[in-house]
1. I'd like the full set of residues that are touching a residue at least 24 places away in the same chain (Cβ under 8 Å), over 18 Å from the mean Cα position of the chain (by Cα) and surrounded by 19 or more Cβ atoms within 10 Å (Cβ to Cβ), limited to region B:15-53.
2. Could you check region C:25-57 and list, in sequence order, the residues that are surrounded by 24 or more Cβ atoms within 10 Å (Cβ to Cβ), more than 7 Å from chain B (Cβ to nearest Cβ) and over 13 Å from residue A:41 (Cβ atoms)?
3. Identify the residue in region B:5-24 that is under 13 Å from residue B:148 (Cβ atoms) and outside any loop (DSSP other than H, G, I, E, B) and, among all such residues, is farthest from the other protein chains (Cβ to nearest Cβ).
4. Of all the residues that make up region C:138-181, how many are closer than 23 Å to residue C:9 by Cα and touching a residue at least 24 places away in the same chain (Cβ under 8 Å)?
5. Could you list all residues from region B:25-39 that are farther than 19 Å from residue B:288 by Cβ and part of a helix (DSSP H, G or I)?
6. Among the residues of region C:120-146, which ones are of a type in the set (Lys, Arg) and closer than 24 Å to residue C:61 by Cα?
7. Give me the residue from region C:1-24 that is more than 13 Å from the chain's Cα centre (by Cα) and hydrophobic (A, V, I, L, M, F, W, C) and, out of that set, nearest to the other protein chains (Cβ to nearest Cβ).
8. List pairs: first residue in region B:260-272 and assigned to a helix (DSSP H, G or I), second residue at pLDDT 95 or above and aliphatic (A, V, I, L, M) anywhere in the structure, Cβ distance under 8 angstrom, at least six positions apart or on different chains.
Amino acid sequence: MSTNEWPLWEVFIRSKQGLNHKHVGSLRAPDATLALENARDVYTRRSEGISIWVVESAHIHATDIDDVASFFEPSDTKIYRHPTFYEVPDGVKHM
Amino acid sequence: MTQAEQEIRFQEKIDREIKIEPNDWMPDEYRQTLIRQISQHAHSEVVGMLPEGNWITRAPNLRRKAVLLAKVQDEAGHGLYLYSAVETLGTSREQTIDDLHSGKAKYSSIFNYPALTWADIGTIGWLVDGAAIMNQVALCRTSYGPYARAMVKICKEESFHQRQGYESLTKLCNGTPQQKAMAQDAMNRFWWPALMMFGPSDADSTHSDQSIKWKIKRFTNDELRQNFVDATVAQAEILGLTIPDPNLKWNEARGHYDFSEINWDEFWQVVKGNGPCNKERLAARVKAKEEGAWVREAASAFAKKRDMKKSA
Amino acid sequence: MQESALFEYVLRLSDDSLILGQRLGEWCGHGPILEEDIALTNISLDLIGQAISLYDFAAELEGKGRNHDQLAYLRYENEYKNVLLVEQPNGDFAMTILRQFFFDAFRLPLYEALMQSPVAQLAAIAAKSVKETRYHLKHTSEWVIRMGDGTEESHQRAQAAIDHLWRFTNELFYEDANDHTLQAEQKVPTMAHIQTQWMATVTSVLQEATLEIPKNNWKFDGGREGRHSEHMGYLLSDLQYMQRAYPNMEW
């Protein structure tokens, strides 16, 4: 029976024009059409969205937990990428 | 890193209030505790649809019918959010549900009590959802990320559940003598089962200490139960309903209400399957799954055919 | 006289929505999978919402001071004017979906036409309901296609549901003197027009689903005149239980 379980889908919703689609959860559906319809009924019952993306969970690639240090820590030391790194004389406005 | 070192690092994260996410290292027992607790919670939502669902066709007016439909539908949604949280721990929804159907997994015993009158619907909203919310608000800060996020969403949606129940009871309590009596009768039947919803007393709770240390649980069963009693007494007074406990009284020294000992024999009997509706509830869920099998298979078969056509 | 014709017309629409909404409500908690449980309940909620708006309007037209609940709950069986199709029992998922599909395929063109009605309130209710109905038809069509072209079992079940329900479909296009009065005033569309669109939708979806339209075209009616099937009494016993057992109380 387990082989017949519908695949898992991840659901992303744009709550209003101008904002990104944001991950809200997952659900089970047999295909993309019904995944969208199910997402509409499960995740937008209270007007939470104006656009939905669904992606089969199996198609999502994620960073490996073991790579966290090499992936993300090197950027921690590059503080010159942030505006607060720079000094601006008093009196300079709108910068 | 050795197992012991990983466990230390894990506990440090928990202590620093850093959420645990699905791919993070976690002790096996933490994972198993979560699977057990979240799936039990999910099953409670889904089994909880049944007692209330049986009043949808008999709701006394169209507004109440719509409210009840929307509420029971929310329970389905909440079950689904929680099953999804369990899936992040590596257990599929079907496995989780099979554990319920085989009797291996539990759900909240409250749903093994029957909903006999329309007043029960209001009372379930007020007391049962009230007790559940007490628990769920605490769980919004639980240490496992997907569980905490599901709880935040659930709490937001549940806020109308308790209110609609209380509102419905307000109508009954301000209505005719028959309506008032109906409300009191529901109160008499649901008060003690509602208190049992917080689980065994701390002295008998096997999982409590470790769960608190891991911040899966933030408060003990008895703490939450006490909070619930303290919050509910005044609400009952406003309705003019009597709480069926002669020993209920304010204790100035403790700053809390004292109340009678729960009938733990009844609690354990119902947990073990001997409540008024255990068999019916489980049978209804098994039936829905079995009768839905051909539907799920049909959709899978169709999807496969379409995929083959596309790739041909 | 005209008001009473319109009252009767709106009452029929209301009763269709209420009775079908009531039937779908029985599924809540028993669906084949949680996602579909939620979907069926959504349709039920839309129908109950439509029924409330329609009964409110009907009550206004009637002018006897009744409200939507009194219309929905406190009539005798022969005063309900819904078509027989909507009161048929849920049966299996195939029966429920096919019943809904036949109804949606009828309601959509009807609401689209009613949006043009000079009766402003009716046009407004139609404009709101048409969006809901369009979604219902999309959802039920998807399922008809999946069942028809899914497994052998699902195909058989879907075909059996069609064969069973087909005899109730002609009544959707029932017309009597009441309708003719309103049609002459161009307040409501003729049913022939709606039936053509219904047939086009049904033909194309069933074709894609590899399902057959029954050859036997015998059909009967009665619901619009208040003559119902044996199922209706049971449905009303549930629906009216509280109002009959505890009369004149507020809930």
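1. Selection gives B:20, B:30.
2. Answer for region C:25-57, where residues must be surrounded by 24 or more Cβ atoms within 10 Å (Cβ to Cβ), more than 7 Å from chain B (Cβ to nearest Cβ) and over 13 Å from residue A:41 (Cβ atoms): C:47, C:50, C:54, C:55.
3. Step one: of region B:5-24, the residues under 13 Å from residue B:148 (Cβ atoms) are B:14, B:17-22.
In the following step, the residues that additionally are outside any loop (DSSP other than H, G, I, E, B) were identified as B:14, B:20.
Working: B:14: 17, B:20: 11 Å.
So, considering only residues that are under 13 Å from residue B:148 (Cβ atoms) and outside any loop (DSSP other than H, G, I, E, B), the one farthest from the other protein chains (Cβ to nearest Cβ) is B:14.
4. The qualifying residues number 12.
5. Kept after step one, since they are farther than 19 Å from residue B:288 by Cβ, are these residues of region B:25-39: B:25-38.
Once the filter is applied, which keeps residues that are farther than 19 Å from residue B:288 by Cβ and part of a helix (DSSP H, G or I), region B:25-39 yields B:28, B:29, B:30, B:31, B:32, B:33, B:34, B:35, B:36, B:37, B:38.
6. Here is the first cut: in region C:120-146, the residues of a type in the set (Lys, Arg) are C:128, C:131, C:134, C:138, C:146.
C:128, the sole residue that qualifies.
7. If we filter region C:1-24 for residues that are more than 13 Å from the chain's Cα centre (by Cα), which is where we start, we get C:1-9.
Imposing the further condition that a residue be hydrophobic (A, V, I, L, M, F, W, C) reduces the set to C:1, C:5-7.
Details: C:1: 29, C:5: 25, C:6: 21, C:7: 18 Å.
Ranking the qualifying residues of region C:1-24, first place goes to C:7.
8. B:266/B:196; B:267/B:196; B:270/B:196
The values are calculated or read from the model by the stated rules, or taken from the named source; none is laboratory data. This one's a predicted model, so the numbers in the text were calculated from it and none came from an experiment. Cβ atoms come from the backbone with ideal geometry, glycine included; neighbour counts cover every protein chain shown.
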